[in-house]
Structures are given as structure tokens and as C-alpha cells.
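Okay, so here's the structure we're looking at.
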């Protein structure tokens, strides 16, 4: 076989060992048709250069291979085991004649064999490395300049580029290994290998070839095709063998740091289901490839698809982008796998599929993964673009801003508090209501008739009370006894009717009868639709109409001579007798159909008003409230009318007509609302307005005289004067021991039978209560007040009140200027020998200091000292001020007039201290003090009040020190605080009224509420502001134009224009001093901080007396102590207290009661005429 031409650059005289090895390989090639194979399927490499007569192949011989320069390996087994700087030449064969095989690459755990297609298709553009070369060869050899293309000398170890016509079959026959074509993937920062180049481990390199730098070379051998154009020619390169098993030589360790092997990647499957193993390289690798493995039993990957033969001409010096291949491999190249970007996804890219496949490890551009050419493109994963979180920019050296605290429930900005405040503003005024129950005295028993709470029925006619429950009908005559006179059992009475279960569901006294029988004949309806008529005088069943209804009878109404019955299905029977003698068993009723399942039904103004219960929880309902239907059932052929209230209200629970306003219908609703409807001459009633009267449901409603009575869920019954706006609550008393009042109605027969207007209430406490509908006690109390001077002795007392928001200042700070030093002494001398001295301070501690506030909360409620002085366990601030006030009173008052502290209390910044002369101390009784918290929904005392009271002689006096909600525009919150303090239930322990009549308290009260007291003083930091610009207020203050400021003062405006304002009944002296808020501390300048608050009269003192002549103001002024941001104020009063002569009062009361009888007779006459017009009697 002729030898190929030799290269002139290579030494033609080989070494002895090389020559010997060459001769042995040539002999072996002639003796055998195929070279011996190793376990991994790799043939031994012969040092003889091509061409050869036979090709080494994995599968078969390939005759007819073209001659030319073929690529062969230049390494041997010594290259893998050598530890020197330069790998030695291939060793000679052993003396035994055995062939020395090249070590198999099976030692690498990360590579496996890839079979080639059976056809001898040319596979250009491959990168081959010597199977025996390692990293030591790369790092220890410096490649010489690239030689000119020339035929290689036989026996030379340098490999040259094959000719373009060289086929893949010849290479396979020569080396027995198929090259692997990898998907191209350019990597930033790594070298490229241009197309058309075949790289070997030889020191020979062709122009235009580029490879990786030795430092960044991968640890595992790779076969790759570069798809990106090289950016610069690299004449000198170093390569490692693609068949290396990954073990480094000693020279490798000396030249570069050893990189530990990376864990193998997961085995994935391609489209055909064949497993591929992703081979990991070092972090600087530019590609990953599957390499043939010599490991037995490992499944082989599928064969790559055949490609068309292309030219091997390299394209040197071309430039292209990293995403476009510059290698002209074939005319129709297969699509390249899509690169997975690590940069943010552009919005122009198509959206990702709804469900992502198995996730791949996150990669970067320095270490991308490129799958096989046949693998589908990896899906892109788009990250959601969320807005960045809010940040706070703070410059270097800037002061850190204060920590953001969440708003507390008592914050002025709370929407819930604002809504509640608005409701309180429009609710009826309760400041003058009497809490004395209007008990009627014409019954032997005060409500000892027991009625089952849910199923019991009550009908009243004078002294006769009928209670029906299940199959029992009990008839009482309370003028004789508390026990039933007759107990009728329907089971025994009507046992022949064969009714399975008797149950009474409705009852009403019959109309349309003789004068003697009025209020004596009772109709009873059952759940089976039967109607029965009883005579309550004898308990005898007078008449019956079996199965008058097919459903249970829910309502029975009386209207003149007619009777109306209503069942659950909407069937109405109208019984009318033209002769005026209605008989149940013989009168044929007229049938009227209405809507079924009406929860509320009542005859009002001669028409049937009904309303069904609204469905709760539905999302599609947009109704303003329940539908109210009105039927004129007394007129045959008439149709019903449907209406809606003007505002969203709850279900209708009750309805009535006020005798003083017969053209209006009042409907009670759940949620505490009452809707007002106009009757007039129109066919369809119209809703005029909706009033909010309670925070709980209005369960029952009844018009009595000029007052509208309403019962609620808490067992209270209230009477309202509906003429003013908002309404005025004249009476409010506990009727049913805290349980709901379910029924309220007037007994019109009581006017004739008893000479009284009786109102009946039924509650869940299973009791029937009877009340005086004329409210005679109100009229008698008003007349006694007018004549109080006739049976009482009066005397005067001087009262001094001092109020100051100290802004956490200590009493030791009262120094420096004379205004500070002399403040307490000057204030105490404004009233000559005061009998009562009241100090009310606010913000005695820093409310922003939570530690101090918590200590006050924990220790402030401790048990007081036996003498009423302050507890020893309170904080230092309270103790210091207490000691300073005691000292100031001792120094300012005459030594022969000692004073005693009767009250000392604190509440998270509030502090009250009350002094009384020792000469008046013995006249005090019912001494009590308490607190009302308004912060955090009534749980925290940063806002609220301290309420103290005592009784001197027969006059009750109450002092309130308050701190209301702050804020320029939070008037409603302040109004709500006022209402809560004044109307809080049971602030003090009640006085036992069974022993003696509580003459010291007013409005029928027992002293448990604030407004039960005869005289009330209200002072403190009320925080009401001036609604004007700061400049205008400052100019008015400078000009002493206080009238201009009063016109814009929030407190004055509320007292003048807001009828629902709870301080409307209080009085304040003239404001003839400058606003007391807000000053800079230790100065006379109003607030100069960033907020620049508007000056205002925040600190006020008001009073209220049942008799306005009993209290006279002596002075009302401010002081110039400047240790706080508020200025202190004081007010002096001359107060008149009474001592009642009980015997004289008793005679006067009898005279007043005789006058009331005349007044009552007139009221009863008016009520009788009204009920006749309503056809109820």
C-alpha cells in the first residue's frame, strides 16, 4: 500500500520505539481483516498514516474508502498514565507479542456510545480529539505555528485536515468511532470553533480555528460543532481528548486547580422515548454532549437523523449574532433547539403554555444547556410582573422617621366610629327622659299573668285578661283574683271533633255585638283553620265554624261590626252582618286573596297592611327594604298596592297610627328604624321619611295619645314626642327585665270599663305588664317642680372648678415667670371661701408613652384609700400633682377652714380631685366616683371621663372631667363621646326607692345615670375647634373680636343647631377670653410647628340644672401658666341646694293629683273619640 506524501515540516527519522510500534501495527493490519476491539467497542489505533486498504468499523468493513489524509489519534495508553510534563510517545509492543491496547474511555461515568447510521453518509464539521490525550497534554504542550497543508509523513504522529472529499465511512473505518454532532450553542465569554474545522490533539492547528482556553476547558471530553462565527483567529490552541475518562494527570494538577466532578443530570426522554443523559461540565463549559460509553448494559441512544452532504470548506472570519448559525452544514438544516433565556422575558414573546412540563435547572448564559437536535424546544417560563413594594428613601445622616403604628379602633379616622356618631346625632334626644315606669294602679296584680314566651297569646278587655296556649284558654279577672277564673281545655270540650292536636294560633275580641257584649265575646283561631267563639264572662263556647280555613289562622282583626281572619296561604275571610248582629256559625264570609306568608299584618286606617319577611343573604337583591302591601279588603274587587320605604331598612315588625296624627302610619323595622307613611286621600300611601330611634330592633310599636311607644330587644319601652326633629324621648323604662318586649297594644275597652287608658306589653320574660297610657307621673312631677319652693328650704354653696390639660408637665415645672409660680394660688382665690373645689386635669401623663399608659391602666384601678385620697400605687405624676394640690389648698385657704378630699380618681391621663369644707362634709351622702372609657371602642381610657357624684341635703350633684376625641373635623366623634358619657347605663349604684322616694334625683331616676342628678357640671378638654382659617382666627384674637370666633365655634354651633346634641340642655358662660389652645410651650405664641393648628377653645366648663335658677356663674376665665400647650381655665358658681319637708310635700302632691284627674278626663275623652273613628270600639 503506497505511503502518502510526507510533510516537509516533520522529522522523517522516527524514534526507534515509534518505528517498532509502527511496524507491528502494519503487520497486524495485514494479518487481520479488522483490528482487535476493546470492551467499549473502540479499535486499537495504528500509528500508520492513511490511506489503508481496509477500514476499522464498529459494524462492518467499508471497502472503497477514498484515499487521502485521514484523521487519526496521536495518543496511547501511556498518555493517560503519564505523570511527566510532556506525554511520551507511544510505547513499543510487549515482548510477548501481545497487542498493547489503548485504554478504553469506559472509565468516564458521564459518557456512553452513540451508534452511527448504517449508511456511509459523510459527516463533516466534526471535532475529534485523541482518545488518549488528557488535560496534561493540553497544559504542558505549546502548539507550534500552523503548518502549511501537506501530506503527512508515514509514522508521523501529527494529524492533518482531511480533504473535502473524505467520507465519514473512511473515518469510521480508520478509527472505529462515529463522531457526534451536537446542537450548536454559542456561549458568551468562550471561544468558538468554526465550521469546517477538524480539531485533533496534535500541535498542528489550521488558521481560523478557535477553542476554549485551558483554564475554562471542561473536565469531561466533548464533541461539538460551533454554530457561531469566531470573533478572532486563534493560531495556537490546546485540546483534550474527547475519549478521555476524566482523570487528570499530574501535569494537569500542577498547571490548574482541579475541578471536582459535577453530579450527573437527570435522565430525560426525547420524543421517541429514548433516554438521554445530560452530561454536566464545569461552569465554564460552552456545550454539553452525549459521548459514547463503553459501559456494558447501558442502553444506547437513538441514531441521529441522516444529513445531506455539505462542503467542508470552512468560513473564516465571518461574523454573526449569537442566535444565528454561521456554519453552512447542509442546504436544509434541521431546526435548532430554542435557547432558554435568563434575561427578563420580552412582552412581545408569545405567552407560555398553560401548564409547564417538568422544570429544568435554572441556567445562565455562562452555562447553558442545549439538548439534542431532535429534542423539542424548551418552553419559556414567563415570570409575573408584580409592582415593586413601597420603599422609603432615607439619605445618609438623615433622621429615621418614626415607626408606623396601625390605627387603633378609637382613632379619629375610624369609619365605624364616624358612622356610629352620625347615627347618634340623628337619634332622639334622651337627656330629659324620665326613667320612672308608668305603672297603673287599677290592677290587683302588677303583671303576674304568665304567658309562654313564643306560643302564648294575650287578649285584654278592661280587667279581663285571656291567655291562650296550645289547647288551653285561660280567662282572668284581675279585679278579683290573680288566678284564672276559667281554664278551658279544647281537647275535652271538643273531643267529638276528632282533632288530632289542638293549638290556638290567634285571638281577638269580637265587634258587631250589642253594647252589653262589647269586650266579652272572644274569637279564637286554631292551626287547623277552626274558628271558635267564647263568652269570657262564663267561659262558655258560644259558637264555632269548623274548617273555616284550610290552613292555620294567623291573625284575627276587629274593625267596627266586621271581623277579618287571615291564614298562612293568603286567604282572608271578611265576616260582616248588615243587621249588626254577627254570628259566627251563620254569617257567610267574603273571601279575599292576598299574598301568602305575610309575616306582618294589621288593620291600619281601615286597610290591611302586610309585609313578608325579606330573604337574607341573597346576592341579587337590590331592594331598599321590605315590600309593604296595602289591601282595601272592606271594598269588594279592590286590588292591593305595593310600596317601598325611601331608605334601606329591616323587616317590618309592627305598625300603628298616632292618635294625634291620624293621617300618618308608623311602621317599626328591624335595625331600630321607624318609617312614616302618609295616608291622605291618595290610593297608594307614600313613605315620607325614616327615623333611626334605636341601635337595636324595634319589635313592637303603638301610638298612645301624643306619644309613640316602642319596645325593643333589651326589654326597654320608650315614649317619643314625634313633633320636633329629632324626636325627643320623654320616657324610657325597663319593662321586661332585659328580655325582648314582643307585643305592645292599647286596650280601648279600658276607657269605659276602668276609666284608664291601659297599654299592655308582653315580653320574653313570660310576663304581661300594664302601663298608664296617659303618663300621669310626668304631669305630676312637672307640677311639683313648680311648687318646690313651698315645701323645701334652700341654701347656697360656692363652687370653684379648675380645668387644665397639662400636656404631661410636672408640678415642679411651675417656676420661672410669675404666671407659673402664682397660678394655683391665683385660681383658688377667685371665689371667696368656696365650699367645693374641683380640679380636673387632662394628659397628666404622656399618652404617646405606652409604657406609662400601661402602668396607669394596671395601677389606676386599685382600691382607694379609706379617706378617699389617691392610692399609693398610682404613677408618680398623679402623686406629685395630688400632693401639690393639697398643699396649694392648704396655703390659699384660711387656716381655720380646713378641707377634705372626698374624691381622687385617675384614668390614663385624666385626674380629678374634689375638696369639700369639713363643715359640709357631714351633710354629704351617696358619695361615688367612677370612670367612662371611650378609647378603642370603650376599652381604653385615653379618651373618656371621670364621673363623681354626691348628695348634699336633698340635692344631687355630679361632676364630669372629660377628654374627648381630638381632630379639627371630628365633631361627630366628640358628640358620640358626650352621648356615651351622659347616657351610659348604671354608672353609679342605684338607690333603693322602696324605702323612701328618691327626692334628690330627677326624672324618676334612681341615681344610677348621670342625668338622674339635679345639677351636672361638665368640664375638661372637649377638643371642639373653631372652623376658620388660622390667619383669620389669629387676627380676630389679636383684635379681641371673640364674637366672630364664637359664631364659628363647633361647640356653640352644635348646641344651637343640632337638636340631637346631648349637651344641648347644658349652659355655658360667655367666652370673654382668648382661645386656650394651642401654644408653644414656655411661650405666648400659638402653634408654630409644621401643623400650625388653628387656635380654639378646647377647654370648657358647662353646667345643667333642673331648675335654671339654682345655678349662677360667678366668673369664667383663663390663666397664663405656659408650661403646657393649653392654658388653664376656671369657673366659679353659686349653687342652690334644697332640703325637702316631706309632710308638706305630701299635701302638695295630693293637691296636684286632684288637678290631674281633671286633665286625665279630657285625655280619655279624646282617646275614646279616636278609637271610635278607627272602628276599634
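Any read-out appearing in this document is the output of simple, stated calculations on the displayed coordinates, not a laboratory observation. This structure is a prediction, so every number in the text was calculated from the model and none was measured. For neighbour counting, all protein chains shown are included, and Cβ atoms are generated from backbone atoms with ideal geometry for every residue, glycine included.
The slack between residue 884 and residue 1114, meaning 0.36 nm per residue of separation minus the straight C-alpha distance, is 80.2 nm. Once the Cβ-Cβ distance of residue 613 and residue 896 is raised to the sixth power relative to R0 = 60 Å, the FRET efficiency obtained is 0.20.
Taking a point 7 angstrom from the Cα of residue 1044 along the C-beta vector, which residues in segment 1084-1117 have backbone N less than 17 Å away? Only 1094-1097 pass the distance filter.
If the chain linking residue 1056 and residue 396 were pulled fully straight, counting 0.36 nm for each residue of separation and taking away their Cα-Cα distance, it would gain 232.1 nm. A simple spin-label model places the labels of residue 454 and residue 569 2.6 nm from each other, with each point 7 Å out along Cα-to-Cβ. Between residue 817 and residue 1089, the simple label model (points 7 Å from Cα in the Cβ direction) yields a spacing of 1.9 nm. Extension gain for the segment residue 551 to residue 441, taken as residue separation times 0.36 nm less the Cα-Cα distance, is 35.5 nm to one decimal.
Just to verify a number: FRET efficiency for residue 1139 and residue 723, C-beta to C-beta distance, R0 = 41 Å, to 0.05? Step by step, r from the Cβ atoms, then E = 0.65. The alpha carbon gyration tensor of segment 1087-1177 gives principal lengths a ≥ b ≥ c with a/c of 1.5 or higher and a/b no greater than b/c, which makes the shape oblate.
Taking a point 7 Å from the Cα of residue 583 along the Cα-to-Cβ direction, the residues of segment 525-553 with backbone N closer than 17 Å to it are 532-535, 541-546. Rounded, prolate or oblate: pick one for segment 795-1135, where a ≥ b ≥ c are the square roots of the eigenvalues of its C-alpha gyration tensor, a/c under 1.5 means rounded, and failing that, prolate if a/b is larger than b/c, else oblate. Rounded shape, in that the Cα axes give a/c under 1.5. Between the beta carbons of residue 766 and residue 597, assuming R0 = 25 Å, the FRET efficiency works out to 0.40 to the nearest 0.05. Once you sort the root eigenvalues of the Cα gyration tensor of segment 462-593 as a ≥ b ≥ c, which label holds: rounded (a/c under 1.5), prolate (a/b larger than b/c) or oblate (the other case)? Oblate, since a/c reaches 1.5 and b/c is not below a/b. Residue exposure proxy: 565, 639, ordered by other Cβ atoms within 10 angstrom of their Cβ from fewest to most, comes out as 639, 565.
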